[in-house]
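Engineer: Take this structure first; my questions come after.
The values are calculated or read from the model by the stated rules, or taken from the named source; none is laboratory data. Quick caveat: nothing in here was measured; it's all calculated off a predicted structure. Here the Cβ positions follow ideal geometry from the backbone for every residue, glycine too, while neighbour counts run over all protein chains shown. Heavy atoms of the whole protein, side chains included, go into the accessibility calculation; ligands, DNA and RNA do not. Shrake-Rupley method; radii C 1.70, N 1.55, O 1.52, S 1.80 Å.
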Amino acid sequence: MINIGIIGGSGYTAGELIRILMFHPNAKLDFVYSTTNAGKPLSVAHHDLMGDIEMNFTDTVNPNVNVVFLCLGHGKSISFLKENQFASHTKIIDLGNDFRLTKDKEFEGKSFVYGLPELNKTNIKNANYIANPGCFATAIQLALLPLASHNLLTTDVHINATTGSTGAGVSPSETTHFSWRSNNMSHYKAFDHQHLGEINQSVNQLQNSYNDEIIFVPNRGDFARGIFATLYTTVEESVEDLVAKYEAYYKDQPFVTVTTTNINMKQVVQTNKCIISLIKKGNRVLITSIIDNLVKGASGQAVQNMNLMFGLEETTGLHLKPSGF
């Protein structure tokens, strides 16, 4: 069994980790760390766990677990690791953005591998430290990687993507308040969202000649979870050739499905799936990519990485079905 610790246990990504790991055949939850809820049952913060798990939050860290997941929010992992030492055998999976970029991957003798399995699977299998990708970054990269792998990106890429309110985290804010979010829509961080750094980095990993612009407009949606991303760019290949290239690229990637049909977000919510749809008109290709921002965009992908790091089938504990109604 893999003994597991979770840091920052009262947030959405921690709640999703607990939900998945409860039924993972190789996982044993050792502790869930939360200074604000120490001593209280997990169900105080995660109401969906009521009756399913008898465990309390703690403000004490067991430094000898096999793996620890950091669910602290962006920019907080470094300070936590400076204050808390783990055993040399403890693997670390960070769900924040502290170590995602190449320039940030080295920390106190630890080298973090960017944890997008569809790009870096071999390196993940051999890694001790993982920087889990961002949610928007996951959906967008999976839409672009097959093109980049064939050097087919030759002009700007335009992206419009909408995420649910859980993407903003558990702490309330003006733009997550129900009365503001309901029957409403807005964009934010247009053209300079923080996930652009890792998206460009991964595209250049496969197509280092690409120097055009990835233009990204993120939107807040009137729903709790999921990402619906549409991208378009100029490509000469026929849709049949593109589908063949995408299917070949994802042939050994169990969570990615390629189609030419219209897709909707309910097909992936509550799962670790990504579904990609390709439509061609003239020389423009429209790529639609859908994921659950909390599962494939965060906690499910983190468990997928854990499976790879410990030599398990990457689908272990992640056979999750969406609800279509």
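Engineer: Of a type outside the set (Phe, Trp, Tyr), part of a loop (DSSP other than H, G, I, E, B) and open to solvent by 30 Å² or more (accessible area, probe 1.4 Å), is that true of THR271?
Structural biologist: So THR271 does not fit the description; no.
Engineer: Specify the residue that is farthest from VAL258 (Cα to Cα); the eligible residues are those in the stretch 98-123 that are among the acidic types (Asp, Glu) and part of a loop (DSSP other than H, G, I, E, B).
Structural biologist: GLU108
Engineer: If you don't mind, there's one more thing I want to ask. Go through the residues of the stretch 83-97 one by one and say whether even a single one is open to solvent by 10 Å² or more (accessible area, probe 1.4 Å), free of Cβ contacts under 8 Å to residues at least 40 places away in the same chain and not in a loop (DSSP other than H, G, I, E, B).
Structural biologist: Scanning the stretch 83-97, I find at least one residue that is open to solvent by 10 Å² or more (accessible area, probe 1.4 Å), free of Cβ contacts under 8 Å to residues at least 40 places away in the same chain and not in a loop (DSSP other than H, G, I, E, B), so the answer is yes.
Engineer: Using the structure shown, decide if SER79 is without any contact (Cβ under 8 Å) to a residue 24 or more places away in the chain, of a type in the set (Gly, Ala, Ser) and either under 30 Å from CYS274 (Cβ atoms) or open to solvent by 70 Å² or more (accessible area, probe 1.4 Å) (or both).
Structural biologist: No, not satisfied.
Engineer: Give the residues of the stretch 220-258 that are part of a strand (DSSP E or B) and surrounded by fewer than 16 Cβ atoms within 10 Å (Cβ to Cβ), sorted by residue number.
Structural biologist: THR234, the sole residue that qualifies.
Engineer: Checking LYS125 against (1) more than 26 Å from VAL303 (Cα to Cα); (2) of a type in the set (Lys, Arg); (3) open to solvent by 50 Å² or more (accessible area, probe 1.4 Å), which single condition isn't satisfied?
Structural biologist: Looking at each condition in turn, LYS125 falls short on (1).
Engineer: If you check LEU318, LEU294, which single one turns out to be surrounded by fewer than 24 Cβ atoms within 10 Å (Cβ to Cβ), touching a residue at least 60 places away in the same chain (Cβ under 8 Å) and of a type outside the set (S, T, N, Q)?
Structural biologist: One residue alone meets the criteria, LEU318.
Engineer: Being part of a loop (DSSP other than H, G, I, E, B) and open to solvent by 50 Å² or more (accessible area, probe 1.4 Å) is the requirement here; does THR154 meet it?
Structural biologist: yes
Engineer: Which residue out of GLY300, GLY311, GLY324 is of a type in the set (Gly, Ala, Ser), open to solvent by less than 20 Å² (accessible area, probe 1.4 Å) and outside any strand (DSSP E or B)?
Structural biologist: Being of a type in the set (Gly, Ala, Ser), open to solvent by less than 20 Å² (accessible area, probe 1.4 Å) and outside any strand (DSSP E or B) holds for just one of GLY300, GLY311, GLY324, which is GLY300.
Engineer: Now, a different point. Go through the stretch 98-120 and give me each residue that's surrounded by fewer than 22 Cβ atoms within 10 Å (Cβ to Cβ) and of a type in the set (Phe, Trp, Tyr).
Structural biologist: Within the stretch 98-120, just PHE107 meets the criteria.
Engineer: Next up: Could you check how many residues of the stretch 200-217 are over 19 Å from the mean Cα position of the chain (by Cα) and either small (Gly, Ala, Ser) or open to solvent by less than 50 Å² (accessible area, probe 1.4 Å) (or both)?
Structural biologist: Final tally of qualifying residues: 5.
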